[in-house]
Amino acid sequence: MKTLQCMAAVVWMNLCALPQRAGTSLVMVVGIGGVVAVVVAVLAMVAGLVETMQNKGHEDRAVILRYGSSSETGSWVPRDAVPIIMDAPEVRRDARGRPIASMEVVRLVRVVRSRDNTVGTVALRGVGLENAALRPEVRIVQGRMFRPALNEVIVGQALIGPFKGLRPGSRVTTGRAQWTIVGVFASGGDPHESEMMTGVDTLMSAYQITDPNSIEVALKPGAFRGFVDTLSGHPQVHLTVMRERDYYASQSQAVSQLLGFLAFLVGSVMGLGAIFGALNTMYSAVSTRTREIATLRALGFGPAAIVVSVLVEALLLGVTGGVAGAALAWLIFDRVTASTVSGAVGTQIVFHMAVTPGVMAAGLAWATALGAVGGLLPALRAARLPVATALAAS
Amino acid sequence: MKHFILIWAGLWRKRTRTILTLLSIVIAFLLFGILASIGQGLNAVYTHINASELFVQNSIAMANGLPLAYLPRIRKVPGVRAVTSWTFFGAYYREPANGLTMFATDIGALLRVFPAIGMPQDEREKATHLRTALIVSQRTAARYGWKVGDRVPISSSIWEKKDGSRVYEADIAGIMDLSRLGDSTFPEAFLQYDYFDQARALGNGTVHWFVVLIDDPHHATQVAGAIDALFANSAYETRTVNISVWAQNQIKQVGDVQLISRSIVGAVLFALLFLTGNTMMQSVSERIPELAVLKTVGYSGAGILTLIVLEALLLCLSAAGVGLTLANLIFKPFAPIFGEVSLPLPVVLGAAGIAVLLALVSGLPPGWRAARLSVVDALAGR
């Protein structure tokens with residue numbers, strides 16, 4: 001108990017003296033704060049992308065593609081496979097007994113970025129008549145829904161800010177036809193908000209095709225496995241079935257991995273630099289306290305108390321830097337819109353950077369680790385100061 | 001320089017502190033060098049190709065494709081020297097994890113349009129005339145142990161065949177030596193287009209883009225305009241750009257990489273400023289009596305200021321140099337991914353400029369204070 005009291009006394013005394021070393025201490029706080037701010041920012045991009053691409057997939061929705069295709073744009077489902085899919089008992093039916101499924105075609109539209117006039121590609125999705133039942137989360141927030149058989153499209157609300165010329169009343173060209181934008185829709189922040197929608201029959205006739213790229217179905221709760229089994233009973237149709245959330249995740253996998261790697265790389269390199277800065281600060285702190293430490297040792301305080309006091313100082317500075325860096329990143333980056341590409345052809349996906357509690361915790365953990373490493377060696381040096389020579393030092 | 005001894009002594013007064021400061025600056029410029037190299041590496045993806053190459057794709061989206069029938073018409077546009085068509089194959093060998101950067105093309109025309117591709121004459125003949133010809137780069141052949149004459153199955157994740165399978169059996173007709181073309185950025189394999197087109201179920205008669213060689217780079221804009229005008233208002237409108245413009249746009253799709261790396265570098269340098277500023281200030285305030293002695297001996301205020309600033313410059317510039325050299329070394333093993341990258345002169349000059357600025361900002365304030373020392377007060381320790 002006495003040892004703990006001694007330690008507490010030394011720690012408290014040291015912390016009270018911290019303002020005297022404000023300059024060097026600030027170096028460590030800013031250094032670690034900078035690292036944490038950057039790491040949190042990059043992780044926020046990953047979190048935001050995951051939030052949009054992986055967490056929005058609906059549990060009981062399945063995407064059916066051609067066997068071996070990795071994305072809708074490289075897939076085609078022959079027309080004669082469609083009734084086999086729709087007749088499966090695991091598919092949910094609406095009040096009139098019709099299967100809740102949508103034959104879908106995806107084609108590409110060129111768009112221009114508002115910020116720098118560079119060109120990007122977004123998906124125009126042709127959806128079946130059952131889309132309202134399949135995707136009840138789609139709501140019109142401006143204008144109106146497209147009418148069947150007319151070259152009309154609705155635009156996802158995520159596209160309105162980042163890209164030009166997509167407000168209701170404008171026109172876009174694709175499939176040798178001009179399409180009029182008649183409305184803007186929201187769909188709960190999922191990847192469809194970075195797409196445009198129209199009727200599948202209209203789109204198929206514009207491109208003169210008869211086979212859809214994919215089929216999306218609503219399944220009865222828990223029926224996914226059964227559905228996969230039913231379809232594998234028809235090997236002649238060469239299909240692959242995925243849960244909607246797994247499909248979205250696969251589309252963004254490459255970019256997520258790249259961003260994760262970047263966070264690790266930058267965080268490590270900057271972290272190493274921050275450690276050198278932290279060592280600088282802590283060695284300087286110990287050197288300033290040489291006489292004080294020697295006096296304490298002469299008085300009878302054990303080396304453990306000295307080590308703990310230095311470590312506590314280092315950890316405190318590190319955590320302060322971490323909190324400051326995380327807070328700064330949150331202030332600047334949370335909910336900021338970003339866009340990147342997803343899928344095989346690289347259609348744009350617009351998402352928001354998400355500085356989540358998890359991301360900030362990761363940043364703080366990193367700051368604590370940096371503080372601990374920065375304080376360890378100086379703490380050991382402080383404990384081993386030769387008392388007599390230190391007392392005589394000027 | 002006699003003054004150099006003073007500067008050197010000043011730096012090494014507190015060895016640990018100087019070494020740690022040096023290491024921090026080295027790390028900062030290492031990061032700067034890495035980010036600059038990545039940016040340049042992404043840009044370098046197509047810069048081995050000179051300005052005489054144009055790139056023709058479908059105006060709406062590359063994936064929509066263009067008719068192969070456009071090729072003779074493009075060939076006749078004034079200023080065009082040669083045209084070759086490329087169709088992306090989405091290739092992998094046995095498993096999707098073994099991806100290959102592969103295109104379908106008229107191999108004979110390709111070898112004529114890109115004479116820099118190294119291949120023995122007999123292999124060229126075979127590759128031009130063999131219906132099922134596949135040519136691969138030396139590195140790819142080494143990776144899978146392929147030799148000329150081998151029949152290999154290449155799978156496509158995009159193009160299903162009429163018989164329902166995805167595997168195209170092709171014969172290796174030649175091995176490409178790509179060393180003169182920027183080994184890692186040129187595609188590693190090409191399949192004979194006619195064989196591919198007859199076998200595939202969809203998209204027959206279309207290609208993904210045309211690569212056009214022109215006579216005179218100065219006429220690039222005119223020729224591009226002429227090509228696009230040929231096909232305006234048709235079912236497949238074209239968009240013709242210079243290859244580096246296209247490449248930069250592709251990079252922009254992924255994200256504003258430049259903005260991200262500049263922000264990171266900015267944050268790092270800001271933190272570094274605190275560090276070096278603090279080091280210099282501490283170093284000078286510890287030496288007040290010594291600097292006063294120097295003043296007594298005859299150094300002017302300006303002389304003291306110069307000494308301090310030179311000390312800061314020596315610290316920052318040498319550490320920056322080490323950091324950039326390390327960045328260069330680190331990138332050697334990554335060359336296969338990013339292509340041959342070395343720090344371009346503008347980046348090196350930029351880094352030097354930043355180092356100088358760092359030295360001035362951290363060295364001038366304490367140097368100024370030292371220069372205005374009152375000798376008597378300083379010697380007395382006030």
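Total residues in region B:113-158 satisfying the condition of being among the small types (Gly, Ala, Ser) and not in a loop (DSSP other than H, G, I, E, B): the figure is 8.
Based on this model, can you work out whether B:Ser285 counts as within 14 Å of chain A (Cβ to nearest Cβ) and under 17 Å from B:Lys14 (Cα atoms)?
On the way: within 14 Å of chain A (Cβ to nearest Cβ): yes; under 17 Å from B:Lys14 (Cα atoms): yes.
It is true that B:Ser285 is within 14 Å of chain A (Cβ to nearest Cβ) and under 17 Å from B:Lys14 (Cα atoms).
The set of residues from region B:358-382 being among the basic types (Lys, Arg) and assigned to a helix (DSSP H, G or I) comprises just one member, B:Arg369.
Within the set B:Val167, B:Val136, the sole residue that is among the aliphatic types (A, V, I, L, M), under 16 Å from B:Met102 (Cβ atoms) and within 12 Å of chain A (Cβ to nearest Cβ) turns out to be B:Val167.
Report, by residue number, each residue of region B:194-208 that is open to solvent by 10 Å² or more (accessible area, probe 1.4 Å) and either among the polar types (S, T, N, Q) or modelled with pLDDT of 90 or more (or both). Step through it out loud before you land on a result.
First pass over region B:194-208, keeping only residues open to solvent by 10 Å² or more (accessible area, probe 1.4 Å): B:194-195, B:197-199, B:201-206, B:208.
B:Asp194, B:Tyr195, B:Asp197, B:Gln198, B:Ala199, B:Asn204, B:Gly205, B:Thr206, B:His208, listed by residue number.
Looking across region A:99-124, the residues that are open to solvent by less than 20 Å² (accessible area, probe 1.4 Å) and either more than 14 Å from every other protein chain (Cβ to nearest Cβ) or of a type in the set (Asp, Glu) (or both) come down to A:Ile100, A:Ala101, A:Ser102, A:Glu104.
Does B:Ser165 count as open to solvent by 10 Å² or more (accessible area, probe 1.4 Å), within 30 Å of A:Ile209 (Cα to Cα) and either modelled with pLDDT under 90 or part of a loop (DSSP other than H, G, I, E, B) (or both)?
Details: open to solvent by 10 Å² or more (accessible area, probe 1.4 Å): yes; within 30 Å of A:Ile209 (Cα to Cα): yes; either modelled with pLDDT under 90 or part of a loop (DSSP other than H, G, I, E, B) (or both): yes.
It is true that B:Ser165 is open to solvent by 10 Å² or more (accessible area, probe 1.4 Å), within 30 Å of A:Ile209 (Cα to Cα) and either modelled with pLDDT under 90 or part of a loop (DSSP other than H, G, I, E, B) (or both).
If you go through region A:321-364 and pick out every residue that is touching a helix residue (DSSP H, G or I) at 6+ places or on another chain (Cβ under 8 Å), away from chain B (no Cβ under 14 Å) and part of a helix (DSSP H, G or I), you end up with 7.
Provide a single number: the residues in region B:120-140 that are of a type in the set (A, V, I, L, M) and surrounded by fewer than 20 Cβ atoms within 10 Å (Cβ to Cβ). The number of residues fulfilling the criteria is 1. Residues that are more than 11 Å from chain B (Cβ to nearest Cβ), aromatic (Phe, Trp, Tyr) and open to solvent by 30 Å² or more (accessible area, probe 1.4 Å) do occur in region A:262-275. Taken over region A:193-235, residues that are part of a strand (DSSP E or B) and within 18 Å of A:Pro83 (Cα to Cα) amount to 6. When the residues of region A:277-319 are filtered to those that are basic (Lys, Arg) and open to solvent by 20 Å² or more (accessible area, probe 1.4 Å), which remaining residue is farthest from the other protein chains (Cβ to nearest Cβ)? Only one residue fits best here, namely A:Arg297. Among the residues making up region A:69-84, none is in contact with an Asp or Glu (Cβ under 7 Å, 6 or more places away or on another chain) and free of Cβ contacts under 8 Å to residues at least 40 places away in the same chain.
For every residue, the table says whether it meets (1) open to solvent by 10 Å² or more (accessible area, probe 1.4 Å); (2) modelled with pLDDT of 85 or more; (3) within 14 Å of chain A (Cβ to nearest Cβ); (4) closer than 28 Å to A:Pro162 by Cβ.
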| position | (1), (2), (3), (4) |
| --- | --- |
| B:Ala220 | yes, no, no, no |
| B:Tyr236 | yes, yes, yes, yes |
| B:Val241 | yes, no, yes, yes |
| B:Gln250 | yes, no, yes, yes |
| B:Gln258 | yes, no, yes, yes |
| B:Arg262 | yes, no, yes, yes |
| B:Phe274 | yes, no, yes, no |
| B:Met280 | no, yes, yes, no |
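Residues to consider are B:Leu202, B:Leu191, B:Leu134, B:Leu181; find the one that is closer than 26 Å to A:Ser70 by Cβ and out of contact with any strand residue (DSSP E or B) (no Cβ under 7 Å at 6 or more places or on another chain).
On inspection, the qualifying residue turns out to be B:Leu202.
Any idea which of A:Ala132, A:Ala95, A:Ala123, A:Ala81 is outside any strand (DSSP E or B) and in contact with a strand residue (DSSP E or B) (Cβ under 8 Å, 6 or more places away or on another chain)?
Working: A:Ala132 fails: in contact with a strand residue (DSSP E or B) (Cβ under 8 Å, 6 or more places away or on another chain); A:Ala95 fails: in contact with a strand residue (DSSP E or B) (Cβ under 8 Å, 6 or more places away or on another chain); A:Ala123 fails: outside any strand (DSSP E or B).
Among A:Ala132, A:Ala95, A:Ala123, A:Ala81, only A:Ala81 is outside any strand (DSSP E or B) and in contact with a strand residue (DSSP E or B) (Cβ under 8 Å, 6 or more places away or on another chain).
A:Lys56 meets all of the listed conditions (1) at pLDDT 85 or above; (2) touching a Phe, Trp or Tyr at 6+ places or on another chain (Cβ under 8 Å) but one, namely (1).
So for region A:138-145 (the condition being open to solvent by 10 Å² or more (accessible area, probe 1.4 Å), touching a strand residue (DSSP E or B) at 6+ places or on another chain (Cβ under 9 Å), away from every other protein chain (no Cβ under 14 Å) and within 30 Å of A:Val228 (Cβ to Cβ)), does at least one residue qualify?
yes
Please indicate, with yes or no, whether at least one residue in region A:174-186 is under 24 Å from A:Val111 (Cβ atoms), open to solvent by 30 Å² or more (accessible area, probe 1.4 Å), at pLDDT 85 or above and over 32 Å from the mean Cα position of the chain (by Cα). Yes, that holds for at least one residue. In region A:1-55, the qualifying residues are those that are open to solvent by 30 Å² or more (accessible area, probe 1.4 Å) and outside any helix (DSSP H, G or I), and the one that is nearest to the other protein chains (Cβ to nearest Cβ) is A:Gln54.
The values are calculated or read from the model by the stated rules, or taken from the named source; none is laboratory data. Given the structure is predicted, the values throughout are model-derived calculations rather than measurements. Glycine also receives a Cβ, built like all others from the backbone with ideal geometry; neighbour counts cover every protein chain displayed. SASA here: full protein model, heavy atoms, side chains in, ligands and nucleic acids out. Shrake-Rupley method; radii C 1.70, N 1.55, O 1.52, S 1.80 Å.
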